[in-house]
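The values are calculated or read from the model by the stated rules, or taken from the named source; none is laboratory data. The structure displayed is predicted, hence computed values, not measured ones. Every residue, glycine as well, gets a Cβ built from its backbone with ideal geometry; the counts of neighbours run over all protein chains shown. Surface areas here come from the heavy atoms of the whole protein model, side chains and all, with no ligands, DNA or RNA. Shrake-Rupley method; radii C 1.70, N 1.55, O 1.52, S 1.80 Å.
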Amino acid sequence: MKGIVVKSTGSWYSVNAENGINYKCRIAGKIKLDDLKLTNPIAVGDEVTIELEKEDADAFRAIIRAISPRKNYVVRQSPRKKHQLHFLASNVDQVMIIVTIKEPNLKIGFIDRFLIMTEPYSIPAIIVFNKSDIYDKEDMDMYHHLHEVYTKIGYRVMLTSSVNGTGIDEIRSLLTDKTTLISGQSGVGKSTLVNAIEPNLNLRTEEVSDFSGKGQHTTTFAEMFQLTFGGAIIDTPGIKTLAFSHLEVKDISHNFKEFFALSDQCKFANCTHRNEPKCAIKNAVVQGYISELRYQNYLNLCEEVEDQNYWERHSDV
């Protein structure tokens, strides 16, 4: 029998089966994905084949026997095991990245770090700047600048507030009849925003810590929720940091899509767009066709990946 994984708690999975029943499932044996080292081999959004456990038929328990081919998936480096990857979701139509300019202050590189995870499958990304009701003029100036940077390269950018309702109807329209991964840094008001979009969910929320100024986790595990107006969202735990020790510099450059579009104009086929002569990307930055902000974030990511890979290679020396 087929079903969709709607919640993952690490060792058990909640599966909505085609017969309309929700089953608590465990994995039969080891399931791997493309030889990747994963902390969670099954993702919320996976279509799976399950087999009912006869001894627990009345308790709605089952065993996951197989995973259907995925159309896409989003993975991140595990925050606890840097040599492994962690599934955020699979089979999504789009991703909604929730950020805020203040409370907590925006980490300017976070958006580009997140997009590195969605670009490999060209998953459409919507960048949502939340808590707009507390933005002052300087904050709004920053929003308008970032709006221009990201819309110019093909991303949808919008402003929202669960307090005064800004953007809520537009988000509902964007979510309708689609499966959307919703993610963002801790404390950006993700759960409050989702509750404003779909009040029936009543997700648990917390305020930003007064002591640290940082967000606190309210979502513990990834979970899929059906929307009353059509479609579904996959809510994920708030992200504090994103690292990419599993990637190489070429992976970073290929997934900055405006860089990749011009890369065939570089003198060298393996150009990293840093120190090489006659680099089309560097020239585009100088000419103003590519954002200096994006380029600086790119350089920071490349340096970080190289440093991590260096220490990986020399850790046993």
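The table below lists the values:
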| item | result |
| --- | --- |
| Residue within the stretch 74-83 that is in contact with a strand residue (DSSP E or B) (Cβ under 9 Å, 6 or more places away or on another chain), at pLDDT 95 or above and surrounded by fewer than 21 Cβ atoms within 10 Å (Cβ to Cβ) present | no |
| Residue selected from the stretch 289-314 under the condition more than 23 Å from the chain's Cα centre (by Cα) and modelled with pLDDT of 95 or more, by the criterion most open to solvent (accessible area, probe 1.4 Å) | Y289 |
| Helices (runs of 4 or more DSSP H) wholly inside the stretch 106-195 containing at least 2 residues that are at pLDDT below 95 | 110-118 |
| Condition met for C302 (more than 16 Å from I116 (Cα to Cα) and touching a residue at least 12 places away in the same chain (Cβ under 8 Å)) | no |
| Search result, residues across the stretch 245-268 that are in contact with a Leu (Cβ under 9 Å, 6 or more places away or on another chain) and buried (at least 18 other Cβ atoms within 10 Å of the Cβ) | H246, L247, V249, I252, N255, F256 |
| K137 being surrounded by 19 or more Cβ atoms within 10 Å (Cβ to Cβ) and basic (K, R) | no |
| Single condition S90 does not satisfy, out of (1) out of contact with any Asp or Glu (no Cβ under 6 Å at 6 or more places or on another chain); (2) within 21 Å of N40 (Cα to Cα) | (1) |
| Residue within the stretch 221-229 that is modelled with pLDDT under 85 and closer than 21 Å to Y13 by Cα present | yes |
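Residues checked against (1) basic (K, R); (2) surrounded by fewer than 15 Cβ atoms within 10 Å (Cβ to Cβ):
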site: I111; (1), (2): no, no
site: P124; (1), (2): no, no
site: I127; (1), (2): no, no
site: T151; (1), (2): no, yes
site: V157; (1), (2): no, no
site: R172; (1), (2): yes, no
